[in-house]
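A.B. asks: This structure is in structure tokens; I'll ask about it shortly.
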Amino acid sequence: MLILKCAACKKKLWRYDKIGQGELVRCHKVRIDKVYGFEESGSKICCRCGREVGIDKGSYYQMISKSFTASGSKRNSAEKNKRHR
Ligand SMILES: [Zn+2]
């Protein structure tokens, strides 16, 4: 799981189940595991401090790479406990 934090104020945004080792550019809503707090204004996803961190694209959030930090671990799609959708 990756914990995403706002780059401006360091508040936690959400916890995300990242599959694969690539860079985090999209957050699929179904794989958001826990929400700590964020605000939506129109299609914009903002931290509670007002920093825009992503854009709502329907089934996923397009992330703004300089606006957040991620810590934790990504998992490989080959892992045994992979859930089939
Ligand atoms: Zn913030």
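A.B. asks: Kindly establish whether L13 is surrounded by 15 or more Cβ atoms within 10 Å (Cβ to Cβ) and away from the ligand (no atom under 15 Å from the Cβ).
C.D. replies: Spelling it out, it is not the case that L13 is surrounded by 15 or more Cβ atoms within 10 Å (Cβ to Cβ) and away from the ligand (no atom under 15 Å from the Cβ).
A.B. asks: Check L4, L24 and return the single one that is at negative phi, in a strand (DSSP E or B) and not charged (D, E, K, R).
C.D. replies: That would be L4, the only listed residue that is at negative phi, in a strand (DSSP E or B) and not charged (D, E, K, R).
A.B. asks: May I ask you to say which residue of R51, R75, R31 is touching an Asp or Glu at 6+ places or on another chain (Cβ under 9 Å) and modelled with pLDDT of 95 or more?
C.D. replies: R31
A.B. asks: Can you name every residue in region 30-50 that is part of a loop (DSSP other than H, G, I, E, B) and either surrounded by fewer than 16 Cβ atoms within 10 Å (Cβ to Cβ) or in contact with a His (Cβ under 9 Å, 6 or more places away or on another chain) (or both)?
C.D. replies: Y36, G37, G42, S43, R48, C49, G50
A.B. asks: If a residue has to be under 17 Å from K10 (Cβ atoms) and buried (at least 17 other Cβ atoms within 10 Å of the Cβ) to count, how many in region 52-69 make the cut?
C.D. replies: Selection size over region 52-69: 5.
A.B. asks: State the number of residues belonging to region 36-52 that are farther than 14 Å from S67 by Cα and either touching a residue at least 24 places away in the same chain (Cβ under 8 Å) or of a type in the set (A, V, I, L, M, F, W, C) (or both).
C.D. replies: Of the residues in that region, 2 qualify.
A.B. asks: Out of I32, I3, I55, report the one residue that is in contact (Cβ under 8 Å) with a residue 60 or more places away in the chain and away from the ligand (no atom under 13 Å from the Cβ).
C.D. replies: I3
The values are calculated or read from the model by the stated rules, or taken from the named source; none is laboratory data. Keep in mind that what you see is a predicted model, and the values were worked out from it rather than measured. So basically every Cβ, Gly included, is an ideal-geometry build from the backbone, and we count neighbours across all protein chains shown.
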